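Below is one structure, written out as C-alpha cells; comments come after it.
Nothing in this text is a laboratory measurement; each read-out follows from the coordinates by a stated rule. Just so it is clear, the structure is predicted and the values come from calculations on it, not from any experiment. Here the Cβ is made from the backbone with ideal geometry for all residues, glycine too, and neighbour counts use every protein chain on show.
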Amino acid sequence: MTTALQPVTDFGPAKILRSAAKLTFVQFKLFLREPVAFFFNLAFPVLLLLLFGAIWGNEPGSSFFSPVYGYIDAQTPALAALLIGTVAFMTIPIATATAREQKLLRRFQATPMRPLVYLISDVVVNFAVALTGMILLVVVARLAFGLRFGGSWTALFAGFTFAALSFIAVGYVIASLSPTSRVAQVAGQVIFFPMMFLSGAAMPLQIMPPGVQSAAQWLPLTHVVRLLQDLWFGGQWNTTALLVLGGMLAVGTAVSVFTFRWE
C-alpha cells in the first residue's frame, strides 16, 4: 500500500465537504461522458425490465411470491440488486484501476486535497448512479406495467443503501488488488456474471433447478435480491441478508483501506 502524501494545508470538516461536493460534480459529469458505463448502469436494467414485462406481463399471481403481485412487481427490486452488482463489480474496479494506470490518482495524491475527499466523492457518485438506476426502474415499471408496492419507501431506501455500500466496499477491494484495468475487468466479470444469472437478479430463482437454488444461497447477490424483495412486499428485514451484507461491508472496508494503491 502506498502511503498518501501529507496535505500542505489542513482541511477542516467543512473544507472537506466542499471539496468533496465539487469533485463529486466533476466526476458525475465524467461518468455521463462514458457511453458504455451509462448503458450498463442505467439503460440495460430498464431494457431487461421492458423485455420481461413484454414476455410475462404483470398480472397478479405471476410473481412466484403472492397472488397479489405480478412478475414485474417482484422483478423490479431484483433488477435493483443487479444495478448494485453492476456498479460494484463492473464500474468501480475498472474505473479505479484505469485512473491509477493513467496516473490520475497520483495527481490527486500530490495535491493539498486529502485522499479522503476523493474517496468520498467516488463513493457518492457510484451510489448516486445505482440509486438513479433504481428510480428509473420504478418509474418505467409504474408507467408501463402498473407497478405495485407493498412496503415502506424509507425502509427500502435504507436496505438499498446498506446493500450498495456493502458491495461498493468489495468493489474497491477488487480495484485495489488488480494491477491493471484489464485484470480488474476480468476479475469483476468472473465474480459478477455467475451471480447475475444464478442469484435471481436477472431471472427468478424459483424457475431454476433445486441444485442451482441451493448453490445460490452462497452468492452475496442472492441476499441482496431477498432483502430488497422482502422490503418491497412489506415483509420483515431479512436477518441472514443483513448479516452477510454487514460482514461484506466490514471486511471489504478494512481490506480496501489497507490495500488501496494510488499508483
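Below is a table of values for the structure above.
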{"read-out": "Hydrodynamic radius (Kirkwood) for segment 13-259, which is based on Cα pairs only, to one decimal in Å", "value": "18.6 Å"}
{"read-out": "Contact order relative to length of segment 13-259, as percent, for alpha carbon pairs under 8 angstrom and 6 or more apart", "value": "26 percent"}
{"read-out": "Least to most buried among D73, D122 (fewest other Cβ within 10 Å first)", "value": "D122, D73"}
{"read-out": "Förster radius 45 Å - calculated FRET efficiency between R261 and L143, Cβ distance, rounded to 0.05", "value": "0.50"}
